[in-house]
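K.L.:
Dumping the structure here so I can ask a few things about it.
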Amino acid sequence: MATRTLIKHALASAAPRDAILIQGWVRTRRDAKGFSFLELNDGSCLASLQVVADADIPGHDQIHRLTTGAAAAVEGRLVASRGAGQKWEVHATRITVVGEADPSYPLQKKGHTMEFLRTIAHLRPRSNLFGAVFRVRSRLAFAVHQFFQERDFVHVHTPIITGSDCEGAGELFRVTTLKGRPDENPGTDFFGKPTYLTVSGQLEGEAFACALSNIYTFGPTFRAENSNTARHAAEFWMIEPEMAFCDLAGDMDLGETFLKAMARYTLDHCAEDLALFARFVDRSVRDRLAFVIERPFQRVPYTEAVEILKRSGRPFAFPVGYGLNLQSEHERFLTEDHFKCPVTVFNYPREIKPFYMRANNDGKTAAAMDLLVPGIGEVIGGAQREERLDVLLANMRQHHLREQDYSWYADLRRYGTVPHAGFGVGFERLLMFLTGIPNIRDVIPFARTPGSADF
RNA sequence: UCCAGAGUAGCUCAAUGGUAGAGCAGCCGGCUGUUAACCGGCGGGUUGCAGGUUCGAGCCCUGCCUCUGGAGCCA
């Protein structure tokens with residue numbers, strides 16, 4: 001018996017082949033009097049492979065069992081197709097039913113809504129759209145590593161369980177082995193103190209940047225916020241580069257280069273799947289990616305962004321003014337209407353930013369930056385870190401943080417401190433931007449959101 | 001968590017307060033180098049849950065649940 005050929009390789013074949021083995025799942029079957037058509041898909045690519053099975057070959061007497069969703073193996077010859085719509089097809093010499101599909105198989109040949117497919121998250125990767133989404137997700141995860149590895153960044157696995165509960169990045173999930181109320185006696189808990197799922201690997205990432213120079217993390221991140229939007233999940237993956245001997249300008253450079261590289265990679269390596277998104281999800285997705293690659297991003301200080309918003313004459317629902325956070329509607333106006341391209345807003349007021357961000361010399365602003373993109377909003381948030389021990393400790397006091405909880409973090413400023421900077425990218429938000437998929441639940445295999453942890 | 005909208009067959013949707021329907025899917029049969037195939041037939045429902053109003057509720061009222069869109073928080 002021949003070894004298995006993936007359908008993507010069969011379809012890319014340069015010449016006919018006498019013996020080929022295809023294994024996959026039946027998308028549809030059409031029976032004629034003396035033969036049957038089978039469409040097999042194995043997920044290796046978007047396209048299915050057409051199989052022609054004459055009625056007299058071994059296994060054809062069982063072909064009625066190959067309904068939509070069933071698993072099958074086909075041995076045969078790869079030949080040029082007589083029909084329109086595909087270059088190659090397989091003329092079967094043997095058909096094997098590997099696993100039948102019950103008639104209740106929920107995926108039909110016609111289109112389904114995203115909402116319905118979410119309820120069958122274990123089966124939706126067998127649909128064209130979700131097969132494409134998760135192939136692209138895999139390729140982009142690889143592209144992330146390639147981007148940083150090529151630039152001599154070291155991948156660091158920062159901890160998922162953390163003892164620090166006040167990083168200021170939202171609500172945390174408690175991790176405990178205690179029954180009942182863990183807060184009543186945290187000293188008896190597994191780690192001897194309260195522990196949580198991480199909301200960011202940044203602080204640990206800084207420690208490694210202050211040793212290995214350029215590092216990045218890429219791992220799961222958890223937020224117990226009761227956020228119910230198309231852009232939030234309780235469990236998501238975050239990429240966090242951190243660079244020693246780097247200031248905010250270098251940080252913004254990397255963020256923009258990174259986003260352009262991801263757009264370039266998607267266009268170059270995911271063309272077939274991207275075409276599907278363009279047809280069914282977001283007509284303009286390829287134009288947007290090309291635009292991101294070609295055009296320089298805009299950079300605007302927060303103060304100037306506020307002035308632009310004030311001058312716009314737009315009747316915003318939320319007030320605009322120095323010291324106020326930019327709301328979604330403001331960010332959207334800047335990137336979608338005013339600049340019409342990705343925008344990096346930088347130098348935010350210190351009061352609205354966390355303790356670890358570096359205070360600028362004006363005494364009012366922090367060296368923070370947010371990269372905003374049309375349709376999504378913030379995909380990258382970063383900052384130059386406060387490397388001066390005295391300023392850091394003063395910031396911590398202002399934020400009512402206990403110094404002993406961050407002594408190791410302060411140590412980084414005691415021993416050979418250096419200017420350093422980094423940012424965080426939500427991997428799923430990046431995927432949403434690159435694919436045009438509008439809901440974060442549809443770019444993560446099994447989404448965890450408030451009230452929902454199925455599968 | 002707040003605001004708005006929606007829950008009817010496996011899916012997508014109809015149905016003035018008066019016997020709950022269609023298309024698709026499924027099953028059976030026919031036909032065809034077919035490709036979201038086509039033609040005929042068959043089965044399929046506690047109308048999200050719990051109350052209430054009414055002679056009578058899928059429809060009106062109350063509460064709850066779930067989902068969707070938007071907002072807040074953020075990545």
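The values are calculated or read from the model by the stated rules, or taken from the named source; none is laboratory data. Please read these numbers as outputs of a predicted model, since none were measured by experiment. Cβ placement follows ideal geometry from the backbone for every residue including glycine, while neighbour counts extend to all protein chains displayed. These accessible areas exclude ligands, DNA and RNA; they are computed on the full protein's heavy atoms, side chains included. Shrake-Rupley method; radii C 1.70, N 1.55, O 1.52, S 1.80 Å.
K.L.:
A:K193 to A:D362: FRET efficiency via 1/(1 + (r/R0)^6), r the Cβ-Cβ distance, R0 41 Å, to the nearest 0.05?
P.N.:
E(calc), rounded to 0.05, equals 0.55.
K.L.:
How much mean residue ellipticity at 222 nm does chain A get from its helices, if each DSSP H run of length 4 or more adds -39500 (n - 2.57) and you divide by all residues, to the nearest 500 deg cm²/dmol?
P.N.:
The helix-only estimate for chain A comes to -8500 deg cm²/dmol at 222 nm.
K.L.:
In angstroms, what radius of gyration and Dmax does the range A:349-446 have, counting Cα atoms only?
P.N.:
That works out to 16.9, 46 Å for Rg and Dmax.
K.L.:
Please give the solvent-accessible surface of A:F455 in Å², to the nearest 10, using a probe radius of 1.4 Å with every protein chain present.
P.N.:
For A:F455, the solvent-accessible surface is approximately 110 Å².
K.L.:
With viscosity set to 1.306 mPa s at 10 °C, what whole-number translational diffusion coefficient in µm²/s follows for the range A:266-307 from Stokes-Einstein and a Kirkwood radius over Cα pairs?
P.N.:
130
K.L.:
At 1.4 Å probe size, with the rest of the protein present, what percent of the exposed accessible area of the range A:7-99 is carbon and sulfur atoms?
P.N.:
Carbon and sulfur together cover 53 percent of it.
K.L.:
Under the rule a/c < 1.5 gives rounded, and otherwise a/b versus b/c splits prolate from oblate, where does the range A:290-372 land using the Cα gyration tensor?
P.N.:
Oblate shape, in that a/c is at least 1.5 and b/c is the bigger or equal ratio.
K.L.:
For a protection proxy built on the mean count of beta-carbon atoms within 10 angstrom, sort A:155-164, A:414-423 highest first, please.
P.N.:
Per-residue mean Cβ counts within 10 Å order the peptides as A:414-423, A:155-164.
K.L.:
Then there is this: Whole-Hz Karplus ³J(HN,Hα) for the range A:256-261, in order, using 6.51 cos²θ - 1.76 cosθ + 1.60 and θ = phi - 60°, x for Gly and Pro?
P.N.:
So the Karplus estimates, Gly and Pro as x, are 6, 4, 4, 5, 5, 5 Hz.
K.L.:
Another question, then. Given the alpha-carbon gyration tensor of the range A:168-288, what are the semi-axes of its equivalent ellipsoid in whole angstrom, ordered largest first, with each equal to the square root of 5 times an eigenvalue?
P.N.:
Semi-axes (√(5λ), whole Å): 36, 23, 11.
K.L.:
Now for a separate question. Can you tell me the accessible area per residue over chain A, all protein chains present, probe 1.4 angstrom, in square angstrom?
P.N.:
That works out to 48 Å² for each residue.
K.L.:
How big is the accessible area of A:E204 in square angstrom, nearest 10, if you roll a 1.4 angstrom probe over the protein chains?
P.N.:
40
K.L.:
If I compute solvent accessible area with a 1.4 Å probe over the protein chains, what percent of it on the range A:251-404 is carbon and sulfur?
P.N.:
48
K.L.:
Mind jotting down the three principal axis lengths of the range A:7-99 based on Cα atoms? Whole angstrom, largest first.
P.N.:
Rounded to whole Å, the extents work out to 32, 24, 23 Å.
K.L.:
Between A:H112 and A:R181, what length comes free when the chain is fully extended (0.36 nm per residue of separation minus the Cα-Cα distance, one decimal in nm)?
P.N.:
Answer, rounded to one decimal: 20.4 nm.
K.L.:
For chain A, how big is the tail of P(r) above 37 Å, as a whole percent of Cα pairs?
P.N.:
Here the long-distance tail beyond 37 Å is 39 percent of all Cα pairs in chain A.
K.L.:
Output ³J(HN,Hα) for the range A:145-153: one whole-Hz value per residue in order, computed from phi by the Karplus curve 6.51 cos²θ - 1.76 cosθ + 1.60 with θ = phi - 60°, and x for Gly and Pro.
P.N.:
Working through the residues one at a time gives 4, 4, 4, 6, 5, 5, 9, 6, 7 Hz.
K.L.:
On the full set of protein chains, 1.4 Å probe, figure out the accessible area of A:W88 and give it in Å² to the nearest 10.
P.N.:
Accessible surface of A:W88 is approximately 20 Å².
K.L.:
For chain A, take the longest principal axis of its alpha carbons; what is the angle in degrees between that and the long axis of helix A:302-311, to the nearest 10 within 0 to 90?
P.N.:
Helix A:302-311 and the main axis of chain A meet at about 80 degrees.
K.L.:
Kindly sort A:Y322, A:Y406 by accessible area of their heavy atoms, largest first, with the probe set to 1.4 Å.
P.N.:
So the residues, ranked largest to smallest area, are A:Y322, A:Y406.
K.L.:
On a 24 Å Cα-Cα criterion, which of the cross-link pairs A:K8/A:K109; A:K110/A:K260; A:K310/A:K340; A:K260/A:K340; A:K310/A:K364 come out too long?
P.N.:
Checking Cα-Cα distances, A:K110/A:K260 exceed 24 Å.
K.L.:
Rounded to the nearest Å, what's the spacing between the alpha carbon centres of the range A:228-279 and the range A:40-78? Just the number, please.
P.N.:
One Cα centre to the other: 39 Å.
K.L.:
Assuming 0.36 nm per residue, please report the length gained on full extension of the stretch A:L324 to A:H269 beyond their Cα-Cα distance.
P.N.:
15.7 nm
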